[in-house]
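Visitor: Got a structure for you, written out below as structure tokens; questions coming shortly.
The values are calculated or read from the model by the stated rules, or taken from the named source; none is laboratory data. Every value quoted in this text rests on a predicted model; they were computed, and no experiment measured them. Note that each Cβ is placed from the backbone with ideal geometry, even for glycine, and that neighbours are counted across all protein chains shown. For accessibility, only protein heavy atoms count, side chains too; no ligands or nucleic acids. Shrake-Rupley method; radii C 1.70, N 1.55, O 1.52, S 1.80 Å.
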Amino acid sequence: MKNAVSTAMLANFFSQGAVCSNGTRVFVHRSILQEFTSQLVERTKKLKIGNPMEDGVKVGATICKMQYDKILNYLDIARKEGAEVLCGGGPVTPDNPDLAGGLYIAPTVLGNCTDDMTVVKEEVFGPVLSILVFDSEEEVIRRANDTPFGLAAAVCTQNLSRAYRVISKLEAGSCNINTFNAYPAVIPFGGYKNSGIGRELGEECLNYYSQTKSVYVETGDPWCPFE
């Protein structure tokens with residue numbers, strides 16, 4: 001359970017949530033929902049907010065005022081559409097008085113989320129995690145794929161056979177098992193559907209910096225049907 005919670009936090013709170021491959025939709029099986037949510041909220045509340053150059057700080061400021069306002073607007077919409085704010089949910093002032101007035105948003109966990117909510121369907125690009133409940137493997141695969149995006153995905157399970165089976169059916173180009181946003185330079189990175197064309201990293205990316213030239217050399221008489 002601890003590792004699953006760690007994976008969810010990696011998928012949402014790294015770099016204040018400003019990561020293109022973030023996994024903002026966190027599907028949790030109903031049988032572990034209460035325990036998972038409890039541990040997630042407890043650990044999220046402990047995240048220290050402030051200057052990332054200071055020891056112990058895990059969450060910094062939002063990159064600009066425009067993005068800050070956009071994230072807060074998504075949170076307002078989420079509340080109106082029925083999401084429950086389990087922690088965070090708005091601006092926060094760090095302990096350091098020198099940072100007062102900064103663009104800081106508390107890492108947020110939303111419960112009671114549904115697939116049709118705006119915060120679930122669109123890219124927030126901020127520290128906002130949405131919990132969605134599922135009951136079966138077939139259901140969660142169908143719902144996970146019901147999106148125009150397909151950059152990244154992950155599966156957390158102790159059953160590797162299930163992990164490989166589910167990952168193979170997910171319509172996402174960059175996938176992890178039991179972690180998130182782990183993309184070594186040797187692994188191609190890119191998405192499906194509306195999440196981009198081509199791949200970065202790995203040997204495959206070199207194709208996009210190359211131009212292929214084909215040359216055929218005839219060492220004998222050329223074949224020709226014309227007399």
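Visitor: Filter the stretch 86-95 for residues that are touching a residue at least 12 places away in the same chain (Cβ under 8 Å) and out of contact with any Lys or Arg (no Cβ under 7 Å at 6 or more places or on another chain); which is most open to solvent (accessible area, probe 1.4 Å)?
Guide: Just the residues of the stretch 86-95 that are touching a residue at least 12 places away in the same chain (Cβ under 8 Å), to begin with: 86-92, 94-95.
If we keep only those that are out of contact with any Lys or Arg (no Cβ under 7 Å at 6 or more places or on another chain) too, we end up with 86, 88-92, 94-95.
Details: Leu86: 50, Gly88: 46, Gly89: 8, Gly90: 10, Pro91: 86, Val92: 46, Pro94: 13, Asp95: 141 Å².
Checking each candidate, the answer is Asp95.
Visitor: What are the pairs, 6+ residues apart or on separate chains, where a residue within the stretch 198-223 that is at negative phi has its Cβ under 9 Å from a residue that is open to solvent by 100 Å² or more (accessible area, probe 1.4 Å) and modelled with pLDDT of 90 or more?
Guide: From the stretch 198-223, the pairs are Glu203/Val186; Tyr208/Glu200.
Visitor: Could you list, in sequence order, the residues of the stretch 43-60 that are open to solvent by 40 Å² or more (accessible area, probe 1.4 Å) and at positive phi?
Guide: The one that is open to solvent by 40 Å² or more (accessible area, probe 1.4 Å) and at positive phi: Gly56.
Visitor: If you check Asp76, Asp98, Asp115, which single one turns out to be in a helix (DSSP H, G or I), closer than 24 Å to Cys20 by Cβ and open to solvent by 50 Å² or more (accessible area, probe 1.4 Å)?
Guide: Only one candidate qualifies: Asp76.
Visitor: Restricting the search to the stretch 156-192, which residues are open to solvent by less than 30 Å² (accessible area, probe 1.4 Å), out of contact with any Phe, Trp or Tyr (no Cβ under 9 Å at 6 or more places or on another chain) and within 19 Å of Gly17 (Cα to Cα)?
Guide: Gly190 - this is the single residue of the stretch 156-192 that is open to solvent by less than 30 Å² (accessible area, probe 1.4 Å), out of contact with any Phe, Trp or Tyr (no Cβ under 9 Å at 6 or more places or on another chain) and within 19 Å of Gly17 (Cα to Cα).
Visitor: Taking into account only those residues within the stretch 101-112 that are part of a loop (DSSP other than H, G, I, E, B) and touching a residue at least 40 places away in the same chain (Cβ under 8 Å), which is surrounded by the most Cβ atoms within 10 Å (Cβ to Cβ)? Please lay out each step first, then the result.
Guide: We begin by selecting, within the stretch 101-112, every residue part of a loop (DSSP other than H, G, I, E, B); these are 101-104, 106-107, 112.
Subset that is touching a residue at least 40 places away in the same chain (Cβ under 8 Å): 102-104, 106-107.
Working: Gly102: 18, Leu103: 19, Tyr104: 20, Ala106: 20, Pro107: 25.
Here the answer is Pro107.
Visitor: Given the criteria touching a helix residue (DSSP H, G or I) at 6+ places or on another chain (Cβ under 7 Å) and either open to solvent by less than 50 Å² (accessible area, probe 1.4 Å) or part of a helix (DSSP H, G or I) (or both), does Val120 qualify?
Guide: Numbers: touching a helix residue (DSSP H, G or I) at 6+ places or on another chain (Cβ under 7 Å): no; either open to solvent by less than 50 Å² (accessible area, probe 1.4 Å) or part of a helix (DSSP H, G or I) (or both): yes.
Answer is no for this residue.
Visitor: Between a residue in the stretch 115-133 that is at positive phi and any residue that is open to solvent by 10 Å² or more (accessible area, probe 1.4 Å), which pairs come within a Cβ distance under 6 Å, given they are 6 or more apart or on different chains?
Guide: Once the first residue is at positive phi and sits in the stretch 115-133, its partners that are open to solvent by 10 Å² or more (accessible area, probe 1.4 Å) give Phe125/Ala18.
Visitor: Moving on to the next point. Does any residue of the stretch 20-27 turn out to be more than 16 Å from the chain's Cα centre (by Cα) and not in a loop (DSSP other than H, G, I, E, B)? Spell out how you get there, then give the answer.
Guide: Residues of the stretch 20-27 more than 16 Å from the chain's Cα centre (by Cα): none.
No, the stretch 20-27 has no match at all.
Visitor: Listed residues Leu40, Leu33; which is more than 12 Å from the chain's Cα centre (by Cα), more than 24 Å from Pro148 (Cβ to Cβ), touching a residue at least 24 places away in the same chain (Cβ under 8 Å) and open to solvent by less than 10 Å² (accessible area, probe 1.4 Å)? Don't jump to the end; show me each part of the working.
Guide: On the way: Leu33 fails: open to solvent by less than 10 Å² (accessible area, probe 1.4 Å).
Going through Leu40, Leu33 in turn, the sole match is Leu40.
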